[in-house]
Amino acid sequence: MHLGLGAFHRSHQAWYTARASDAEQWGIAAYSGRSVALAEALNAQGGRYTLVVRSADADRSEVIGSIARAHGGSELTRFVADVAAPTTSILSLTITEAAYSPRETDADVPLLRTLADGADPSTLQPSTALGRVVLALDARRRSGSGPLALVSCDNLPDNGGMLRAAVRSLAGGVPGLMDWVKQSVSFVSSSVDRITPRLSSDETAELAVRYSDRAPVVTEPFSDWVIEGDFPAGRPRWETAGARFTDDLEPWEARKLWLLNGAHTLLASLGRLRGHSTVSESIADAECLRAVEAYWEEACGHLPATLELREYRAALLGRFRNPRIRHLLEQIALDSDTKVRVRIVPVAERERRAARPGSACAQVIAAWMAAEHQSLDRESVAGTIAGISSVLGGDDVFVDAVIDALVPFESLTLR
């Protein structure tokens, strides 16, 4: 099963499943967060869709058939039944970074606690993605269907650990569920890497005609998936499709989050301030490229050299420069405070612990503040920084570096 049906899932996890050597033994029941239209379009095609792999000079296409059926996010009864089914071995998730925040997950705590008072589970309607997951896990516990792996595919450090903490927090108020989760549910961390832009309605319409497909996906040639954790009920042989399994995900995860996602967050702010709308336009701007390279230098100082950092950076520049992958900066800028906290703050804090100023990170944060129209007086700057890192917010040297980096942005406005 997968929760978070969208373009990225279909370019990545569904693609790996379709290409696994034992693909014929597996199928995905995919659930959207909210959309019904996408599920309807996929089901009309038997779950099959065209994946268009777009290089700088050509397209190639392949039909992916690993989604057995698709469902809208409102189909809660079916979702619960699928999680509880003994034939279900894995539930993977792409629910965005914000869905793991306590502010989001705490919304369903009172609802789930009513199960302790004898509430009928079938009458409950959790409002959050993880609330739905916990309700479904309780159904699996009651059905005796055995262990299950939960696999986070979201851009968060230790995403499996964060998923575990959120699920256990919600499960604590449900009688008998916490012990069962500890015994029967594994939480798998993974680092996912494949740029998959959101298509405009015109692009979708053009591809629909070209491929006779109501739900096409466009992605880049590059893909990577590094996985750490156990699968107590089995899994596809994803390694035969190129996935990597490791006992230590952290360095791979940091490389991807800091270098790819961190650069995206930088470009989403600085690029828009300089009048650009896509990643490829921004990276062609010498000022944006200089800022990215400076930030990468700081980040790479905290990564093992064994991760082939020079090669990965060169590959990233090639990926960013692909003009036929139209990755919109406005899309990347969504939930920017969470992304800065996850992607930039860890590097900045490490720079300061190493007694270095973290000037490149300060520029990223300054660009983010300017792009979000934050006030530029010292008190508000320090307060905004404290909102993403109490350590940095109380660091006068870093606050001053951000204030200095803000000066060039005072004359820039978002177009």
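Show me the helices (runs of 4 or more DSSP H) found entirely inside the stretch 230-315 where at least 3 residues are over 24 Å from residue 156 (Cβ atoms).
Numbers: elements: 250-255, 262-273, 279-283, 286-300.
Counting at least 3 such residues, we get 279-283, 286-300.
Just need a number here: residues in the stretch 230-280 that are within 23 Å of residue 330 (Cα to Cα), surrounded by fewer than 17 Cβ atoms within 10 Å (Cβ to Cβ) and of a type in the set (Lys, Arg).
Step one: list which residues in the stretch 230-280 are within 23 Å of residue 330 (Cα to Cα), which gives 256-280.
Next cut, surrounded by fewer than 17 Cβ atoms within 10 Å (Cβ to Cβ) only: 275, 277.
Filter again for of a type in the set (Lys, Arg), leaving none.
Selection size over the stretch 230-280: 0.
Hey, could you check the stretch 316-361 for residues that are of a type in the set (D, E, K, R) and touching a strand residue (DSSP E or B) at 6+ places or on another chain (Cβ under 9 Å) and say which is nearest to residue 270 (Cα to Cα)? Walk me through how you get there before you give the answer.
Looking only at the stretch 316-361, we keep the residues that are of a type in the set (D, E, K, R), and these are 319, 321, 324, 326, 330, 335, 337, 339, 341, 343, 349-353, 356.
Checking the rest, the ones that are also touching a strand residue (DSSP E or B) at 6+ places or on another chain (Cβ under 9 Å) come to 324, 326.
Working: 324: 21, 326: 17 Å.
The residue in question is 326.
Do we have any residue at all in the stretch 330-339 that's at pLDDT 95 or above and hydroxyl-bearing (Ser, Thr, Tyr)?
no
Restricting attention to the stretch 145-155, does a residue exist that is outside any strand (DSSP E or B) and over 30 Å from residue 251 (Cβ atoms)?
Checked the stretch 145-155: at least one residue is outside any strand (DSSP E or B) and over 30 Å from residue 251 (Cβ atoms).
Just one of (1) among the basic types (Lys, Arg); (2) within 19 Å of residue 19 (Cβ to Cβ); (3) not assigned by TED's automatic domain parsing to the domain that holds residue 46 trips up residue 237, so point out which.
Against the list (1) among the basic types (Lys, Arg); (2) within 19 Å of residue 19 (Cβ to Cβ); (3) not assigned by TED's automatic domain parsing to the domain that holds residue 46, residue 237 comes up short only on (3).
Which helices (runs of 4 or more DSSP H) does the stretch 1-114 wholly contain that include 2 or more residues that are buried (at least 16 other Cβ atoms within 10 Å of the Cβ) and more than 17 Å from the chain's Cα centre (by Cα)?
Working: elements: 7-11, 13-19, 37-44, 76-84, 102-105, 109-113.
Result: 13-19, 37-44, 76-84, 109-113.
Sort through 127, 143, 92, 101 and tell me the only one that's among the small types (Gly, Ala, Ser), within 24 Å of residue 8 (Cα to Cα) and at pLDDT 95 or above. Walk me through how you get there before you give the answer.
Details: 127 fails: at pLDDT 95 or above; 143 fails: within 24 Å of residue 8 (Cα to Cα); 101 fails: at pLDDT 95 or above.
Exactly one residue qualifies, and that residue is 92.
Tell me which residues, restricted to the stretch 64-100, are more than 21 Å from residue 6 (Cα to Cα) and either out of contact with any Gly (no Cβ under 8 Å at 6 or more places or on another chain) or among the acidic types (Asp, Glu) (or both).
81, 84, 85, 87
Yes/no per residue for (1) farther than 18 Å from residue 11 by Cβ; (2) modelled with pLDDT under 95; (3) not aliphatic (A, V, I, L, M):
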position	(1), (2), (3)
53	no, no, no
64	no, no, no
71	yes, no, yes
78	yes, no, yes
81	yes, no, no
96	no, yes, yes
105	yes, yes, yes
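Of the residues that sit in the stretch 122-147 and are in contact (Cβ under 8 Å) with a residue 40 or more places away in the chain and among the hydrophobic types (A, V, I, L, M, F, W, C), which one is nearest to residue 163 (Cα to Cα)?
Here the residue is 130.
When you scan the stretch 298-337, how many residues do you find that are surrounded by fewer than 19 Cβ atoms within 10 Å (Cβ to Cβ) and within 18 Å of the chain's Cα centre (by Cα)?
So the answer is 7.
Based on what the data block shows, is residue 174 over 16 Å from the mean Cα position of the chain (by Cα), surrounded by 20 or more Cβ atoms within 10 Å (Cβ to Cβ) and in a loop (DSSP other than H, G, I, E, B)?
Details: over 16 Å from the mean Cα position of the chain (by Cα): yes; surrounded by 20 or more Cβ atoms within 10 Å (Cβ to Cβ): yes; in a loop (DSSP other than H, G, I, E, B): yes.
Yes, satisfied.
Which number in (1) closer than 22 Å to residue 30 by Cβ; (2) assigned to a helix (DSSP H, G or I) marks the one condition that residue 122 misses?
(1)
Tell me the residue from 305, 354, 315, 333 that is over 30 Å from residue 221 (Cα atoms) and not assigned by TED's automatic domain parsing to the domain that holds residue 200, please. Write out each step before concluding.
Numbers: 305 fails: over 30 Å from residue 221 (Cα atoms); 315 fails: over 30 Å from residue 221 (Cα atoms); 333 fails: over 30 Å from residue 221 (Cα atoms).
Testing whether each residue is over 30 Å from residue 221 (Cα atoms) and not assigned by TED's automatic domain parsing to the domain that holds residue 200 leaves just 354.
Given (1) in contact with a Lys or Arg (Cβ under 9 Å, 6 or more places away or on another chain); (2) closer than 28 Å to residue 91 by Cβ, identify the lone condition not met by residue 255.
The one condition residue 255 does not meet is (1).
The values are calculated or read from the model by the stated rules, or taken from the named source; none is laboratory data. Keep in mind that this is a model prediction, so the values were computed, not measured. Using ideal geometry, Cβ is built from the backbone for each residue, glycine included, and neighbour counts are taken over all protein chains shown.
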